[in-house]
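Below is one structure, written out as structure tokens; the observations come after it.
The values are calculated or read from the model by the stated rules, or taken from the named source; none is laboratory data. Computed from a predicted structure; not experimentally measured. A quick note on method: Cβ atoms are made from the backbone with ideal geometry, for glycine too, and the neighbour counts reach across all protein chains shown.
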């Protein structure tokens with residue numbers, strides 16, 4: 001028997017990778033883009049979840065759709081809260097009604113980033129920008145709905161698709177010999193493909209086992225760096241493939257002001273996801289290599 005998993009945000013980095021991920025036999029993703037599903041319409045969300053797929057209920061719902069324009073969110077607060085908080089609330093209520101689990105994607109931005117060490121899932125949240133506050137609102141709504149759920153926070157997502165830090169560095173590095181990049185914000189880059197694989201593992205278990213763990217988890221690739229260090233590694237690996245390269249000049253956050261404040265520390269602990277689902281993320285440098293293989297090609301011998 002084939003069971004469908006509803007996946008929103010199909011045109012985003014994560015949505016694309018969920019669509020092409022290796023799903024276990026018996027589960028197939030049914031992906032929906034923002035144009036196919038209006039996240040501002042709770043009735044549309046309810047109707048979609050209730051309708052199922054080909055006359056059968058969904059096995060689970062993965063909400064990977066979000067308003068992710070961090071700086072624009074400071075002036076477009078209503079749009080951010082509708083997509084990031086009200087839509088998850090509607091998904092939660094719909095999943096309760098249908099008795100299906102909800103996997104909600106969240107962010108490191110729910111934390112203030114004001115201390116060292118990796119953030120644990122139970123640490124106190126205190127967002128410092130509108131985007132983070134709206135995503136925290138989505139978390140609270142999912143928990144309050146009573147739905148069986150896994151809230152998965154992630155950070156610094158990159159891939160061979162869409163707009164992201166890796167692709168920006170390659171583009172700008174092809175045009176300039178030197179680049180100034182912030183060096184006082186630390187985190188762990190996350191390959192969208194690795195995040196998708198983790199979500200597939202969680203979804204498959206929740207869809208098949210009503211007693212599977214429910215709660216909040218963190219997923220990013222392993223290892224810590226800062227944006228300047230990330231850029232330097234992008235250019236090191238790119239140069240080995242005959243791609244763009246540039247010298248990276250470290251600067252401070254104060255040297256590169258943005259409308260939205262960013263956490264100084266976005267490191268996420270993986271203890272909960274390893275304990276409950278056996279997911280141990282690989283190093284971010286390895287994940288980056290796979291992305292550059294896709295964008296540029298394999299390294300030159």
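Within segment 16-27, can one find any residue that is out of contact with any helix residue (DSSP H, G or I) (no Cβ under 8 Å at 6 or more places or on another chain), buried (at least 22 other Cβ atoms within 10 Å of the Cβ), closer than 20 Å to residue 190 by Cβ and in contact (Cβ under 8 Å) with a residue 40 or more places away in the chain?
No, every residue in segment 16-27 fails to be out of contact with any helix residue (DSSP H, G or I) (no Cβ under 8 Å at 6 or more places or on another chain), buried (at least 22 other Cβ atoms within 10 Å of the Cβ), closer than 20 Å to residue 190 by Cβ and in contact (Cβ under 8 Å) with a residue 40 or more places away in the chain.
So for segment 244-260 (the condition being out of contact with any strand residue (DSSP E or B) (no Cβ under 9 Å at 6 or more places or on another chain), farther than 25 Å from residue 286 by Cα and surrounded by 16 or more Cβ atoms within 10 Å (Cβ to Cβ)), does at least one residue qualify?
Yes; the residues of segment 244-260 include at least one that is out of contact with any strand residue (DSSP E or B) (no Cβ under 9 Å at 6 or more places or on another chain), farther than 25 Å from residue 286 by Cα and surrounded by 16 or more Cβ atoms within 10 Å (Cβ to Cβ).
Read through the list (1) touching a strand residue (DSSP E or B) at 6+ places or on another chain (Cβ under 7 Å); (2) part of a helix (DSSP H, G or I); (3) within 30 Å of residue 202 (Cα to Cα), then give the number of the only condition that residue 216 fails.
(2)
Restricting to segment 275-285, what's the tally of residues that are surrounded by 14 or more Cβ atoms within 10 Å (Cβ to Cβ) and in a helix (DSSP H, G or I)?
4
When you scan segment 159-172, do you find a residue that is touching a strand residue (DSSP E or B) at 6+ places or on another chain (Cβ under 8 Å), modelled with pLDDT of 95 or more, assigned to a strand (DSSP E or B) and over 22 Å from residue 247 (Cβ atoms), even just one?
So far as segment 159-172 goes, no, none of its residues is touching a strand residue (DSSP E or B) at 6+ places or on another chain (Cβ under 8 Å), modelled with pLDDT of 95 or more, assigned to a strand (DSSP E or B) and over 22 Å from residue 247 (Cβ atoms).
Go over the candidates 197, 141, 155 one by one and state the one that is crowded, with 21+ Cβ neighbours inside 10 Å, out of contact with any strand residue (DSSP E or B) (no Cβ under 6 Å at 6 or more places or on another chain) and either touching a residue at least 60 places away in the same chain (Cβ under 8 Å) or farther than 26 Å from residue 228 by Cβ (or both).
Sole residue among the options that is crowded, with 21+ Cβ neighbours inside 10 Å, out of contact with any strand residue (DSSP E or B) (no Cβ under 6 Å at 6 or more places or on another chain) and either touching a residue at least 60 places away in the same chain (Cβ under 8 Å) or farther than 26 Å from residue 228 by Cβ (or both): 141.
Has segment 278-297 got at least one residue that is on the phi > 0 side of the Ramachandran plot and in contact with a helix residue (DSSP H, G or I) (Cβ under 9 Å, 6 or more places away or on another chain)? Break it down into steps so the answer makes sense when it comes.
The first filter runs over segment 278-297 and keeps only residues on the phi > 0 side of the Ramachandran plot, leaving 278, 297.
Those still in the list that are in contact with a helix residue (DSSP H, G or I) (Cβ under 9 Å, 6 or more places away or on another chain) too: 278.
Yes - at least one qualifying residue is present in segment 278-297.
Checking the structure you have, find out if any residue of segment 64-75 is crowded, with 19+ Cβ neighbours inside 10 Å and in contact with a strand residue (DSSP E or B) (Cβ under 6 Å, 6 or more places away or on another chain).
Yes, the conditions are met somewhere in segment 64-75.
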